[in-house]
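Q: Would you mind keeping the following structure in view while I ask a few things?
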Amino acid sequence: MRFLAALQFLTVIPLPRRLKISAEDSGRSAGYFPVIGLIIGLILVGLNWIFIIILPPAVVNALLIVALVVISGALHLDGFVDTCDGLAINKDVEERWKVMRDSRAGSFGIVGVVLLLLLKYVLLNSIPTSTTMITLIIMPVVSRWAMVYAIFAYPYARPSGLGKAFKQGTTWPRLTMATLIALAVTVALAQLVGLAIIFLVWVMTLVMAIYFKARFSGLTGDTYGAINEAAEVGVLILVAILVHLGLAPI
């Protein structure tokens, strides 16, 4: 049930029947987040295999980014937009929360998401095709793990909300489970480079979470989404650097 809760929450992948999953079950599903990331990565790899036969790489990379947004239901992008809008407000915490809850996207959020997607596209184009498929798997696995770490390690800001259920349900065993899965996938695909990627994404997550905690008096569901998006970009940047330096074994 918890695996299905994670799948239903993080993706738009249809299940045989729409499950009625409680907030508590969703909150306890964080250990499966990297597994969902692996599923997303395998779908992207499959799409890449199909698209590259009939389309040039630049077009394929654009379609892969679109597919990633569609598969996740733009869940994390929405959180990224709201977080950008909240960061743009130089008022008290309550006002920042109010802006983040507003369904309308502000100019800061729109600019932020455009730059984010542009950066993903440029980075994917900078990665050779021989490395693309492994990167497409590592990226969603590590980014979903980064969310689990942030949920576990930092306080939840608001008195209520679905994010609070995740905070309460993400225990040491679930963080350990998510970490072992993420490590197994990345090490299997990229050996020591995989370890380096996870470590550096962890450092980036640490810095972001500390900053968000200072700005919002804790983390929220929106900042979890922002961390996921930033972690995806972080993986792409790291792979691009390693390839450029000739250090990537893939």
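The values are calculated or read from the model by the stated rules, or taken from the named source; none is laboratory data. These figures come from a predicted structure and were not determined experimentally. Backbone-built Cβ (ideal geometry, glycine too); neighbour counts: all protein chains shown.
Q: Just name the residue that is surrounded by the fewest Cβ atoms within 10 Å (Cβ to Cβ) out of those in the range 101-129 that are in contact (Cβ under 8 Å) with a residue 60 or more places away in the chain and outside any helix (DSSP H, G or I). Let's see the steps before the verdict.
A: Looking only at the range 101-129, we keep the residues that are in contact (Cβ under 8 Å) with a residue 60 or more places away in the chain, and these are 116, 119-121, 123-129.
Still in the running and outside any helix (DSSP H, G or I): 127-128.
Working: ILE127: 22, PRO128: 13.
Among those residues, the one meeting the criterion is PRO128.
Q: Moving on. In this structure, is ALA165 in a helix (DSSP H, G or I), in contact with a helix residue (DSSP H, G or I) (Cβ under 6 Å, 6 or more places away or on another chain), on the phi < 0 side of the Ramachandran plot and modelled with pLDDT of 95 or more? I'd like the intermediate steps shown before the answer.
A: Values: in a helix (DSSP H, G or I): yes; in contact with a helix residue (DSSP H, G or I) (Cβ under 6 Å, 6 or more places away or on another chain): yes; on the phi < 0 side of the Ramachandran plot: yes; modelled with pLDDT of 95 or more: no.
Answer is no for this residue.
Q: Here's another thing I want to ask about it. Output the residues belonging to the range 90-100 that are under 24 Å from the mean Cα position of the chain (by Cα) and free of Cβ contacts under 8 Å to residues at least 12 places away in the same chain.
A: Narrowing the range 90-100 to residues under 24 Å from the mean Cα position of the chain (by Cα): 96-100.
Of everything in the range 90-100, just one residue is under 24 Å from the mean Cα position of the chain (by Cα) and free of Cβ contacts under 8 Å to residues at least 12 places away in the same chain, namely LYS98.
Q: Within the range 50-63, can you find the residues that are touching a residue at least 24 places away in the same chain (Cβ under 8 Å) and surrounded by fewer than 20 Cβ atoms within 10 Å (Cβ to Cβ)? Explain how you work it out, then say what you get.
A: Let us first name the residues in the range 50-63 that are touching a residue at least 24 places away in the same chain (Cβ under 8 Å), namely 52, 57-58, 61-62.
Of everything in the range 50-63, those that are touching a residue at least 24 places away in the same chain (Cβ under 8 Å) and surrounded by fewer than 20 Cβ atoms within 10 Å (Cβ to Cβ) turn out to be ILE52, PRO57, ALA58, ALA62.
Q: Go through (1) under 30 Å from GLY246 (Cα atoms); (2) out of contact with any His (no Cβ under 9 Å at 6 or more places or on another chain) one by one and return the number of the condition SER126 breaks.
A: (2)
Q: Next up: So TYR32 fits all but one of (1) over 16 Å from the mean Cα position of the chain (by Cα); (2) more than 23 Å from LEU116 (Cα to Cα); (3) crowded, with 20+ Cβ neighbours inside 10 Å; what number is the exception?
A: So the condition that TYR32 fails would be (1).
Q: Based on this model, can you work out whether VAL111 counts as more than 23 Å from PRO56 (Cα to Cα) and out of contact with any strand residue (DSSP E or B) (no Cβ under 9 Å at 6 or more places or on another chain)?
A: yes
Q: Specify which of the listed residues (ILE65, ILE151, ILE89) is part of a loop (DSSP other than H, G, I, E, B), touching a Lys or Arg at 6+ places or on another chain (Cβ under 9 Å) and not hydroxyl-bearing (Ser, Thr, Tyr). Spell out the reasoning first.
A: Values: ILE65 fails: part of a loop (DSSP other than H, G, I, E, B); ILE151 fails: part of a loop (DSSP other than H, G, I, E, B).
After ruling out the rest, the residue left standing is ILE89.
Q: Another one. Residue under question is GLY163, and the condition is that it be small (Gly, Ala, Ser) and either within 20 Å of ILE40 (Cα to Cα) or over 16 Å from the mean Cα position of the chain (by Cα) (or both); does it hold? Even if it seems obvious, please write down each step before you answer.
A: Numbers: small (Gly, Ala, Ser): yes; either within 20 Å of ILE40 (Cα to Cα) or over 16 Å from the mean Cα position of the chain (by Cα) (or both): no.
Considered against the rule, which asks whether it is small (Gly, Ala, Ser) and either within 20 Å of ILE40 (Cα to Cα) or over 16 Å from the mean Cα position of the chain (by Cα) (or both), GLY163 comes out as no.
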